[in-house]
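Let me begin by presenting the structure, written as structure tokens, before commenting on it.
Values in this text are rule-based calculations from the coordinates and carry no lab data. Because the structure is a prediction, the values reported are computed rather than measured. Counting neighbours? That spans all protein chains shown, and the Cβs are built from the backbone with ideal geometry, glycine included.
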Amino acid sequence: MASTETEKPAQIEQHTIYQIPHDQRHGTSRDLFTIWFGSNIMMLTIVTGALATTVFKLNFTGALGAIAIGNFVGAIFMALHAAQGPQLGVPQMVQTRGQFGTMGAVLVVGIVIIMYVGFLASNIVLGGQSLHTILPGINEHALIVLIAVISVIATIFGHDLIHAYARVLTLVSGVALIAAFAWIVFIHGLPANFLSMNSYSTVGFFSMISVGALWQIAYAPYVSDYSRYMPHDTGAVPAFWASYWGCSLGSILPMVLGALLGLVAANGDPVGGLTAFTGAAALPIVIIFSVGIAGTNAMNLYCGVLSTITLIHTFVPNWKAGPAARVAAAIVITIIGLAIALFTAANFLDNYTNFILLLLYVLVPWTAINLVDFYLVRHGDYDVAAFFTPEGGIYGRFNKAAIFCYILGIAIQLPFVSTAMYTGPVATALNGVDISWIVGLVVISPIYYFLARRTSPKSSATVA
């Protein structure tokens, strides 16, 4: 059935976690490219790329290779979730009830909400700090609040405005990124010994690959939130490639800029370095990247709101959440994220590094279970109506196989973990190289497939 709806960015979205009817679907796969490309070109991506040369001490060549490999590999898993939106028409965390059961999904949904709040706080801090480098006369905390306000406004209007915003960011932020590279390389100039700064290390190389892969996998819990309005006949292949290239290229390019700045900026500060090295162009470039953070924040906040409504709905299944509930949840989550941002601003980089490493270990087994179930076990065939029943319909309240594999997936990574807080015995034997996410994906995927094939009930997809 063809969609009849058109995008309405100036109107407050009326849908929350429930299935989008076919006659209200709209958009093309091109929209999936812009939502992921435009939203990634911002200051937090630049700071993440700087980890390669500041925290992991890689030279530029090693940083470039690790950033590219990590993002290209991680984007495979991220983009595979894109087809779930057009097929099922529901948010990602609602769909995960099909693997874990209505109550079993609570753990995953709760972790994902914490993730959204963490990224929200990180982005608010960085947006405010970035603006402060070019507007030193304005209190940094006031600028942090400003970024939070812009973010929540976009979230209140919802899905269509966020997509429209991302299309603008794709153009504006893309031009700003090119301008930043050109100014730093050709106008300001790089040191003569630039390519010999730092050195290659296997530990640093694989650690940065993990960061790049995690950056992509961290999007997995909300990829279908932004594809669920797409027409049902969009197709898995166009949805995959549009999301894959949008998110991988949109991440790699600013991360490479961050790695460059991490080498040449004073004290390895990529934010201050961007301001210092882009001269007269610094004002528009930093403003664009900082305001771009608000767009990405709106995405994190929007999905955090949908996940929060999903969590509440689990315990109050007769509650029908409407736009007012979405607006209220957005305001509450923003206040929480803002409080965290103001509290952690002084130690941002250390807190952020520990945060993204922690995410790696809890998201990997979930994405393995979700993708194996969707593509290999059920082939996209789900009873969507059962997601909203108190007992979970044919999926039940708890799916023991999925819960077992999720917990096993976290536990099996521990020997391979290498962080400042804890290093497992295998990671120690590998001189600190962290391959935990690879182990988690490779081990859990076949185990879940075997268990699910034996225990999963058959279903017929229910569409609106």
(message) Could you work out how much longer the chain between Arg30 and Thr455 gets when fully extended? Use 0.36 nm per residue separation minus the Cα distance between them, nm to one decimal.
(response) 149.2 nm
(request) Give me the distance in nm between label points sitting 7 Å out from Cα along the Cα-to-Cβ direction at Ile134 and Ile335, one decimal. (result) 3.3
(message) Along the Cα→Cβ direction, 7 angstrom out, place labels at Tyr375 and Ala280. What is the inter-label distance in nm?
(response) 5.0
(message) Suppose a student asked you for the relative contact order of the chain, using Cα pairs under 8 Å spaced at least 6 residues apart; what percent would you report?
(response) 30
(message) Taking the Cα of Ile394, stepping 7 Å toward and past its beta carbon, and measuring to each backbone N in segment 81-108: which are under 20 Å?
(response) 84-91, 94-105
(request) Compute the acute angle (0 to 90°) between the alpha-carbon long axis of helix 159-182 and the principal axis of greatest extent of the alpha-carbon atoms of the chain; round to the nearest 10°. (result) 20
(request) May I ask you to derive the FRET efficiency for Ala385 and Ala192 from their Cβ-Cβ distance with R0 = 56 Å, giving the value to the nearest 0.05? (result) 0.25
(message) Please compute the Kirkwood hydrodynamic radius over segment 74-210, one decimal place, Å, based on all pairs of different Cα atoms.
(response) 19.5
(request) Estimate the FRET efficiency between Ser199 and Ala429 by the formula 1/(1 + (r/R0)^6), using the beta-carbon distance for r and 22 Å for R0, to the nearest 0.05. (result) 0.45
(message) Give me P(r) over segment 22-361, computed from all C-alpha to C-alpha distances, binned every 10 Å, as integer percentages.
(response) 6, 27, 36, 23, 8, 1, 0
(message) Suppose we keep just the alpha-carbon trace of segment 383-443; what are its Rg and Dmax in angstrom?
(response) 17.1, 50
(request) May I ask you to evaluate 6.51 cos²θ - 1.76 cosθ + 1.60, the Karplus curve with θ = phi - 60°, for each residue of segment 309-323 and list the ³J(HN,Hα) values in order in whole Hz, giving x for glycine and proline? (result) 4, 4, 5, 5, 4, 4, 9, 10, x, 8, 6, 9, 6, x, x
(request) Work out the FRET efficiency for Asn318 and Ile12 from their Cβ-Cβ distance, taking R0 = 30 Å, and round it to the nearest 0.05. (result) 0.80
(message) Please compute the modelled spin-label separation between Thr61 and Ala411, points set 7 Å along Cα→Cβ, answer in nm with one decimal.
(response) 4.5
(request) Please work out, to two decimal places, the log10 of the ratio I(q)/I(0) at q = 0.12, 0.13, 0.21 Å⁻¹ from a Debye calculation in which every Cα of segment 1-139 carries one identical scatterer. (result) -0.77, -0.88, -1.41
